[in-house]
Structure formats: structure tokens, C-alpha cells
Amino acid sequence: MSTGPGADSAPAPTTHDSRSTPEKTPPPGTRAKSSMFSSLKVRNYRLFFAGQVVSNIGTWMQRIAQDWLVLSLTGSATAVGVTTALQFLPMLLFGLYGGVLVDRLPKRRTLLVTQTSMAVTGVALALLTLSGHVEVWHVYVAAFAVGLATVVDNPARQSFVSEMVGPDQLQNAVSLNSANFQSARLVGPAVAGLMITGVGTGWAFLFNGLSFVAPIAGLLLMRARELHVVQRAPRGKGQLREGLQYVAGRPDLIWPIVLVGFIGTFGFNFPVYLSAFADDVFHAGAGSYSLFNTLMAVGSLVGALLAARRGTARMRVLIAAAVAFGLVELVAAAAPSLWLFALLMAPIGMFGMTVNVTANTSIQMGTDPAMRGRVMALYMMVFLGGSPVGAPIAGWITDAYGVRAGLAVGGAVSAAAAVTIGLFLARVGGLRLSVGWRHGHPTVRFVPRERREELTAAA
């Protein structure tokens, strides 16, 4: 289907100023009106969302089938780890360059290319597996190829959301994307398990390959004239350095990225923690490990839907959620029973998702659209790149001092980073802590320094 001329095909103006005003956000103290699914009223985003529902389920199916196939071929958990590393390695090596490309290119056409390449990879792996010719190096190559496509696909998808819905519905759309992914996390592995047991891993790969037809069709059916026009960055030297300098000069961008980096590196090492709690602490086996992950996914889904309901991304919500995330991890580290530990997985998932969605939205809303690809690439590189650094540290602490100590350290670092960054941002923003009474209840909040002085004088 012809997409016709529109926002994604028209060339951008040749002038560009990385310091131009970002998209408008609601004035401080106001609350954007939003319902939980308000962004789905936008036709283009509705098509995108529907395609992602199918594609995300396929992605989770392929993750499970891929690990199972490698384990079946090699009998080695190390080989499974190598496969995962190969899939994330391109993002660590080339993530920032992917952001530069995304800022130069039309997002919708870029996504058509990346989604098609991932579909071809899934189908090729399916044919090799179903024909009985698959070898472990084929899986390695496929994982690396998907990783290369993700280098461009990830920042393109993140920044394309604002072109579909505009600034007013951005948080709602980002939140629904997260809810979409978490829903697929609940459905995809279960379907993959049934398919692998019933007909084999090859069919799971085939489903994933064919699942990309849905998002590709959605992209083709979009009305280009209804997309929000954004300025694309012209080709030029030093654009990677320009993006880093842009973030470095913006405390409202760099500190949320730093906070997400701390939490992603030290607080999100759940594959290490949950398996050890299931095996070494509660001696309950794989069933409890699955229960922990399921409850965390449910909490994450709730967190994403609540973020969609709020409609605004506030820094205080980000800081409060990060502190709560760290504190609940500390409580979970000391949980005496399996069921209490399992129940705490839901709030951990909810607060963790609130941090992710709020940081994502506030960064997108505060960024010049022509710089958004580079900024979101940096954000995703920090968020995803934390695990390869933090997992070995978490594993060492767990081996040396026990898994309770490992989870407690992760929670303490997350909470301490949130408090430190929150106090710093309050100081930069000219705020002071105010403790008092309101309507017969104690209140603790940040207020402008001038108002604090007025309150002190009035007292």
C-alpha cells in the first residue's frame, strides 16, 4: 500500500539548533487530563499498538525457544549466556551511532526496514530448525543479527511514539507500550512452552518471524499526513559528540539517565537473585522461580497502567518510585517466608516499571525532537548495558555473602542513588524540604525557597 507524501517523507528544514525549545509540557502544578487508554484514540498509534501486541508475544516466544534450542544443542548454560551476550553486544558497541542514524532518517521507513530484517531472521532460523540442519553457530549469528537491527529499531520505536501521538498523549502511549510488553511477557513464554513441547522449537521461531507481519502492516496502513512533523538532523560531522554534549548540559536529562543506570546495574539483577532465592533460600525449585517472575510481571503491568492513568511525568514521581523500589527490595531481602517474598515481587515490579516509564517519558518530553534519537539511544544503552556490568557484581556478592546480602545491596544502592539525586535536583531547582501540617495531617514536600521563607516568617 502506498503511504503517500507526509511527515515521514518530507525533508526537514536545513537549519538546526540543538538548543531549540523542546515540546511543551504542562505547566508546573497542573495535571494533564488523561484516561488509561486515551492515546488509543489516535488511529496511527492504534495500528502501531495492535501490531506490537502480536510482535511482542512472538519476541518472548523466540527468547524462550532460542535458549531451549541452544541448551538442547550444547548442553551448556554458558552457551546460552553467550547467545544472550551476542544479542545485547551490538547495543553496547553501536547504540549511540544508532541514535545518530535515527535522528537523520524518517522513523516509519526505518522501522519498516528493521522490522522486516528481524522477520527474515526469525523465518530463516525456523527453516534451519524445522529442516534439521540447525547448528549452534546459526543461533549465534541470528542473535547477533537481531541485536544489530535492535541498535536502530529501539531508538526509532521509542522516538516514533511522539510523532504518532504528540506531546499531550506521550506518557500515556509510552505507558501503554510498557503494558503491552509486560502482557506479552505473561503470554509469550507460556505459549512457547506449549509449542516447544507439542511441535518443537522451529514452529516457535516461525511464529515469531510471521508475527512481524502485524507491525509492518500497521506501519504501511498509517496516514502519514496525521503524523506530527519533527525536524530531522541533517548529515554532518560530530553529531555523536553533539548528542553527548546536549545531554551533559541538561541536568533534567542527565540525572534521570544516571538514576536509571544505577537501578538497572544494581537493582534489576533478578535472574541472579530470584533463582538463588528459589533454590538456595526456600529450596522450592523451578515452580517458585516461575511464580516470582509471574508476580513481578503482573506488578510491572499494573505499574505501566497506573502510569498511563496519571498522564504526566513528574520528577518527584520518578524519585519517589526509585526510593520505594530500593526499600521494598531491602524488605524482600529479609523476608522470612516464601509467600511473603513472592508477594513482594508485585510491588517491586510496579515501582520498577514506574521508574522506567516516568524516566522514559520525562526524557522524551524534555528533548528537542531533532536530538531525540541520540538521547533515547543513550538512555537505552545505559539501561540495557547495566545488566552485563551489574550481574557479575551481584553474582560475586551472592556467592561470597549469600543472596540476601546481594539483594539488600542492590536495594540499598538504588534507594541511596534516588535520594542523592533527588536532593541534588531539589537544590538545583531552588527547592527546600518543608515539613508541616495540612488539614490535620503531617506533610513532607519540597517547596520553592521563597515560599519556605514566607512559611517560616508566618510561623
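Relative to the current alpha-carbon distance between residue 384 and residue 127, full extension at 0.36 nm per residue lengthens the span by 89.5 nm. Extension gain, residue 113 to residue 241, is 43.5 nm, computed as 0.36 nm per intervening residue step minus the present C-alpha separation. Each label was represented as a point 7 Å from its Cα along the Cα-to-Cβ direction; for residue 92 and residue 306 these points are 3.3 nm apart. Applying the criteria of a DSSP loop state and at most 12 other Cβ atoms within 10 Å to the trypsin sites (Lys or Arg not before Pro) of the range 191-268 yields 235, 237.
Here residue 220 and residue 330 are evaluated by their C-beta separation; at R0 = 30 Å the FRET efficiency comes out at 0.05. Classified by the C-alpha gyration tensor, the range 250-428 has a prolate form. Its axis ratio a/c, with a ≥ b ≥ c, is 1.5 or above, and a/b is larger than b/c. The 3J(HN,Hα) values that the Karplus relation (6.51, -1.76, 1.60; θ = phi - 60°) gives for the range 155-170 are, in residue order, x, 5, 5, 4, 7, 5, 4, 5, 6, 7, 10, x, x, 5, 10, 5 Hz. Gly and Pro appear as x. Across the range 100-115, rounded Karplus estimates of 3J(HN,Hα) from the backbone phi angles (6.51 cos²θ - 1.76 cosθ + 1.60, θ = phi - 60°) give 4, 4, 4, 5, 8, 9, x, 5, 5, 5, 4, 5, 4, 5, 5, 5 Hz, Gly and Pro being marked x.
Computing FRET efficiency as 1/(1 + (r/R0)^6) for residue 343 and residue 37, where r is the C-beta to C-beta distance and R0 is 30 Å, gives about 0.60. Between residue 316 and residue 290, residue separation times 0.36 nm minus the direct Cα-Cα distance comes to 6.0 nm. Taking 7 Å steps out from each Cα toward its Cβ at residue 401 and residue 420 produces label points 1.6 nm apart. log₁₀ I(q)/I(0) of the range 288-378 at q = 0.22 Å⁻¹, via Debye over equal Cα point scatterers, no solvent, to two decimals? Cα-only, vacuum Debye calculation for the range 288-378: -1.01.
None of the figures in this text is laboratory data; all of them are computed from the coordinates on show. This is a predicted model, so every value here is computed, not measured. With ideal geometry, Cβ positions are generated from the backbone for all residues, glycine too; neighbour counts draw on all protein chains shown.
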